[in-house]
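Worksheet for the structure shown next.
The values are calculated or read from the model by the stated rules, or taken from the named source; none is laboratory data. Keep in mind that this is a model prediction, so the values were computed, not measured. Glycine also receives a Cβ, built like all others from the backbone with ideal geometry; neighbour counts cover every protein chain displayed. Ligands, DNA and RNA are excluded from the accessible area calculation, which covers all protein heavy atoms including side chains. Shrake-Rupley method; radii C 1.70, N 1.55, O 1.52, S 1.80 Å.
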Amino acid sequence: MTEISKEYAAAIFELAKEKSAEKDFLDALSLVESELAAEPEYSLLLSSPNIPIRERQHLIEQAFADKIPEYVLSFTELLLENGHMQSFSECVNEYEKMYKALSSVSSAHVVSAIELSNEEKTALIEKLEKLTGNTVAAEYEINESIIGGVIVNIDDKVIDGSIRHRLQEVKEVIGE
């Protein structure tokens, strides 16, 4: 994350808190981010110095004025005006971190060798919630190369319980 992204995200987050609309702003920011990601040419157009800023702002207004709160629209236009549109996704990611910290939600990315059953997922989430003291929202990925076990990335920490990791530790101990 760049410092600029953190500053912009903090500013829009403070405004959202004042308006008691943290979740609404997050949803709106995520909508803009996903639409920009879906149309890479549109992002390039918005970043083009060859097109006057006012025209680019008008494009944003046309695309989003009826879909997002006025403050989020103004925030997006401000990023554009100040030449930081390429940092939009970073701003959204930083805002999301602030929102989750405020709402005591931790994000977990769980990698397993095979699909976890619903019971295994529930048990894992319960353990992670006890560990963090937060509600845990998890996304799951399958990667057969870990052989077995799971790798969990949560709150900028990695818990590697994979068999591949354990085998690597054994290899280091025996000096190979």
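Just a few scattered comments:
- Top-ranked residue in segment 1-43 [being polar (S, T, N, Q) and in contact (Cβ under 8 Å) with a residue 24 or more places away in the chain; ranked as most open to solvent (accessible area, probe 1.4 Å)]: Thr2
- Qualifying positions in segment 87-120 - open to solvent by less than 50 Å² (accessible area, probe 1.4 Å), of a type in the set (A, V, I, L, M, F, W, C) and either modelled with pLDDT of 90 or more or within 13 Å of Lys6 (Cα to Cα) (or both): Phe88, Cys91, Val92, Met98, Ala108, Val110, Val111, Ala113, Leu116
- When Glu139 is tested against (1) in contact with an Asp or Glu (Cβ under 8 Å, 6 or more places away or on another chain); (2) open to solvent by 80 Å² or more (accessible area, probe 1.4 Å), exactly one condition is not met: (1).
- Check on Ser89, of a type in the set (Ser, Thr, Tyr), under 23 Å from the mean Cα position of the chain (by Cα) and over 30 Å from Ile53 (Cα atoms): no
- Test: residue in segment 101-115 that is assigned to a helix (DSSP H, G or I) and touching a residue at least 60 places away in the same chain (Cβ under 8 Å): yes
- Checked against (1) farther than 25 Å from Glu139 by Cα; (2) open to solvent by less than 30 Å² (accessible area, probe 1.4 Å), Ile53 meets all criteria but (2).
- Subset of segment 126-163 (residues that are more than 22 Å from Tyr99 (Cβ to Cβ) and part of a helix (DSSP H, G or I)): Glu126, Lys127, Lys130, Glu144, Ser145, Ile146, Ile163
- Here the condition is being at pLDDT 95 or above, more than 18 Å from the chain's Cα centre (by Cα) and not polar (S, T, N, Q); of Ile68, Ile53, it holds for Ile68 alone.
- Taking segment 62-81 as the range and being over 20 Å from Glu14 (Cβ atoms) and surrounded by 14 or more Cβ atoms within 10 Å (Cβ to Cβ) as the test, the residues that pass are Ala63, Phe64, Leu80.
- Conditions (1) in a helix (DSSP H, G or I); (2) farther than 26 Å from Lys23 by Cβ: number failed by Gly83: (1)
- Flag for Glu144 being open to solvent by 30 Å² or more (accessible area, probe 1.4 Å), farther than 20 Å from Ser5 by Cα and either at pLDDT 90 or above or over 22 Å from the mean Cα position of the chain (by Cα) (or both): yes
- Residue match in segment 55-75 (condition: within 28 Å of Thr135 (Cβ to Cβ) and polar (S, T, N, Q)): no
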